[in-house]
Structure formats: structure tokens, C-alpha cells
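Novice: Quick one: the structure is below, questions incoming.
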Amino acid sequence: MKMEKFENRIWLASPTMHGDEMKYVQQAYETNWMSTVGENINEVERIAAQKAQMQYGVALSCGTAALHLAVRHAGETLYGKAPIGQGALAGKRVFCSDMTFDATVNPVVYEGGIPVFIDTEAESWNMDPVALEKAFEFYPDVKLVVSAELYGFPGRMDLIKEICQKHGALLVEDAAEAMGATVCGKQCGSFGDYSAISYNGNKIITGSAGGCLLTNDIEVANKARKWSTQARENAPWYQHEEVGYNYRMSNVIAGVVRGQYNYLEEHIAQKKAIYERYCEGFKDLPVQMNPIVKDTEPNYWLSGMIIDRDYMCKQVRDDSTALYIAETGKTCPTEILETLASYNAEGRPIWKPMHMQPMYRMHEFITRSGSARAKTNAYIAGGAPDVGADIFERGLCLPSDNKMTPEQQAIIIEIIKGCFQ
Ligand SMILES: *Cc1c(COP(=O)(O)O)cnc(C)c1O
């Protein structure tokens, strides 16, 4: 096979437009609905809710905003309205996914909450229900859980929900990566008391930016809409009783999102084909692709893999650099990512777990077998790395752009095979 540098970069995941988007953007322009009000926004809310099997959608500037409004509302519901300037979760512990994008956790901190990280399950790469149960043993008074689906390959979010209900806790489902995926036939985004999806530029469909809060509670939807537009009271002037935000989605962005929804299923089919080609291409390599949990159907957003431990060459990472020692028959994520980059293709490390992040080094982290305060302590206490640290060490995300051709992907596969030689 000819192995030259790709002339055009092969992306991890880039926006894929189809033309319908422009029609709705054009409509917004021609009718001068160029603000945060308009038909595109109404339609996005309707379609998003319908797609995710929830009653209400609130269109917002990004998925992080949806998570923020969700955790604030949950905080006020659980603990009452906080004094001005104090977060709704001030001083309260919140159980959070550990191996995820930090946008899952940031909103908890915006509201003064204290994230307690729950380890990852090896079988699903998502929050470990066993570790979550353990966490409730340690802290039965915790009343909020924020759980994300990883790379569009959900774990058993239905079990996470059951555990939350058993302990009287509210669930915020971060379905930003999982739009269109299902668990036991139910859409991701339908499990939380509050759910968030994202239309960020690299997600399975995109508005260039944007997000949506999903809920079955009309009070939540109304409150979120009010807070997202600076929390104006119903009065002839600007009247305010509580703090608000400028989080509303623009009707122009909503036009792009509205057009993209027509292609969600097509994008999922393309991503699935990419995943399956990797599975086939790597069947003789000592690697495992993202696990697919029984009774779930992923949206296949990002294909990822981990290298079997016996085939890992020596790799060391500190807070900003990575080194490895090349070895025949072995490789590591750093070597593969550097090799892909040298061919003009983009891969990524797995999300670095939150409990390994410097800003959270003093935070609690709960594994199946018990609690550990910080990564170093976990190693001292237990020896073996926790599941999240292990997947981070051995794993990477592969180029998963839905415009990558099968021929290009075949080259990517050969490049990666070469790293094992
Ligand atoms: C992308 C993402 C978000 C944030 O969405 P934005 O729209 O970029 O704010 C939140 N959580 C997870 C897991 C994500 O991947």
C-alpha cells in the first residue's frame, strides 16, 4: 500500500454540512430573525425533545450552559435558593463521572459544589455503577449525580438512574457525545431528571456551537428559558429577582442545527461503518476497540481503542509532556498519535480522568474497591492503577471523521499496524 502523507488532513471529527442548514439560515436572514428568538429555535427545541424522547427542550448557546442550568436547578430544588453570589451547591458533594471532558464537571464547581469522582467501568468505559453504589455507602447524604456517556458508547445509564432513585438523588445526564445512541431501546438524553446535549463543532451533528437542555418538567423548562435570557421578571421594565445568564441559542445557529437533524441517522451510519472497519482492520492486533455493552446501541461518535498491557512499550507522561521508548512488537498511544500526526492525521488521547487533573488532586475519588483521595495515594494504597488511569494510559481516539473515505481509513489502519512492528 502506498503510504504517503495525506495531502488534506484527516480529522478526528469535523463538521459535515449538507445544504439544508443554509436554507434555514437564509430564512432567518431574509425574515430578519437574527436574534435569540425565531422559528429555528422553536423547531430545534421541538425536534431535540422529540428525538430524545423528552417532553421539553431549551435551546442554549452550548452544552455546558445546559449542564450549568441543570445543576443550578437541581441545587435549588435540593437545598433551596442560595443567597446572591453563593452557588446553589455551595459546600455540597456531587458524584461525577471521572473519565470525561471537564465540561461535565465545571458547572458543578460554578455552583460551589464539591465533585467526588466515580471510577470508570472497564466493561463500558462509562461511570461504574458498582463504584457509584460504593460512593452512596460512604456518603448517603449526597443528592446529585452527574453522569456522562463516553464517545457515544453508553454504559447502562438505566442502572445509574435506578441507583440514583434508590438513594433519592437527582440525575443530570450529560449526553453531549451520545445523541441518537440508545440504552435498552431508550434514547440517551432521556434518562436524566435533566439531560444535556451539545451541537459543538466536533459532535455527531453540529450548529458550529449550541446545546440543549432536556427535561420532562415544564417548570424546569420555563425556569431554564428565563435564566438563559438574564432572568427578567414579567414586568414592563427590566425587573430582576434572581441571577441570570446570556445562554440563549441564536436563531442563526438554530438554523444550522435544524438542518443537521435531518442527517443524524446518516452520520450515525457513517460512524458505525468507520468503527466496524477499524474492528475488522485491527482483528489481529493486541488491541480492544470501545466496548459495546449488551442492550445498548452506540452512535459511534468516536472510535477508540486500548492496547493490551503486554504490548505496551514504556511510556511516561507528566503534566505536559509524554515520552516513550520504542520497542519492537510493542507501541503506546503516544507513539501512535505522533505517527498519525506525521502522516497528517488527527487522533487524540482518551480524556484524562478528572482525579488525575492537578486542579482536583485533593478531591475524593471512589473506585469499586474503596476510596482514594488522590492518584498518588491510590497507587500507594492499592498498587494497581484504577480503571480510568489504566484506560488513559493505554487508550486513544482514532480519526473518526465521517468524510474519511474507506481508502483513507485503510491507510490509517496500516499506519497503526506499523507501530506494532
Ligand atoms: C462537548 C461536551 C460537552 C460540552 O458541550 P459544549 O457544547 O462544547 O459546551 C459537555 N460534556 C461532554 C462529555 C462533551 O463531550
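Novice: Pick from the stretch 63-108 the residues that are open to solvent by less than 10 Å² (accessible area, probe 1.4 Å) and β-branched (Val, Ile, Thr): which of them is farthest from residue 206 (Cα to Cα)?
Specialist: 94
Novice: Then there's this: From 231, 224, 196, 178, which residue is assigned to a loop (DSSP other than H, G, I, E, B) and within 16 Å of the ligand (Cβ to nearest atom)? Quick ask: steps written out before the conclusion?
Specialist: On the way: 231 fails: within 16 Å of the ligand (Cβ to nearest atom); 224 fails: assigned to a loop (DSSP other than H, G, I, E, B); 196 fails: assigned to a loop (DSSP other than H, G, I, E, B).
Sole residue among the options that is assigned to a loop (DSSP other than H, G, I, E, B) and within 16 Å of the ligand (Cβ to nearest atom): 178.
Novice: Let me ask something else. Of all residues being within 14 Å of the ligand (Cβ to nearest atom) and open to solvent by 10 Å² or more (accessible area, probe 1.4 Å) in the stretch 52-62, which is farthest from the chain's Cα centre (by Cα)? Just the residue, please. It would help to see each step written out before you state the result.
Specialist: Within the stretch 52-62, the first condition is being within 14 Å of the ligand (Cβ to nearest atom), and the residues that meet it are 58-62.
Then drop every residue that is not open to solvent by 10 Å² or more (accessible area, probe 1.4 Å), which leaves 61-62.
Numbers: 61: 16, 62: 13 Å.
Among those that are within 14 Å of the ligand (Cβ to nearest atom) and open to solvent by 10 Å² or more (accessible area, probe 1.4 Å), it is 61.
Novice: Given the residues 338, 280, which is the only one that is among the acidic types (Asp, Glu), under 25 Å from the mean Cα position of the chain (by Cα) and assigned to a helix (DSSP H, G or I)?
Specialist: Details: 280 fails: under 25 Å from the mean Cα position of the chain (by Cα).
Going through 338, 280 in turn, the sole match is 338.
Novice: In addition: Which of the residues that make up the stretch 206-221 are away from the ligand (no atom under 11 Å from the Cβ), surrounded by fewer than 24 Cβ atoms within 10 Å (Cβ to Cβ) and not polar (S, T, N, Q)?
Specialist: If the condition is that a residue be away from the ligand (no atom under 11 Å from the Cβ), surrounded by fewer than 24 Cβ atoms within 10 Å (Cβ to Cβ) and not polar (S, T, N, Q), then 217, 218, 219, 220, 221 are the ones that fit.
Novice: Taking residue 111, is it in contact (Cβ under 8 Å) with a residue 12 or more places away in the chain, assigned by TED's automatic domain parsing to the domain that holds residue 214, open to solvent by 30 Å² or more (accessible area, probe 1.4 Å) and acidic (Asp, Glu)?
Specialist: Working: in contact (Cβ under 8 Å) with a residue 12 or more places away in the chain: yes; assigned by TED's automatic domain parsing to the domain that holds residue 214: yes; open to solvent by 30 Å² or more (accessible area, probe 1.4 Å): no; acidic (Asp, Glu): yes.
No; evaluated as a whole, the condition is false for this residue.
The values are calculated or read from the model by the stated rules, or taken from the named source; none is laboratory data. Computed from a predicted structure; not experimentally measured. Here Cβ is always computed from backbone atoms with ideal geometry, including for glycine, and neighbour counts include all displayed protein chains. We work out accessible area using only protein heavy atoms, side chains counted, and drop any ligands, DNA or RNA first. Shrake-Rupley method; radii C 1.70, N 1.55, O 1.52, S 1.80 Å.
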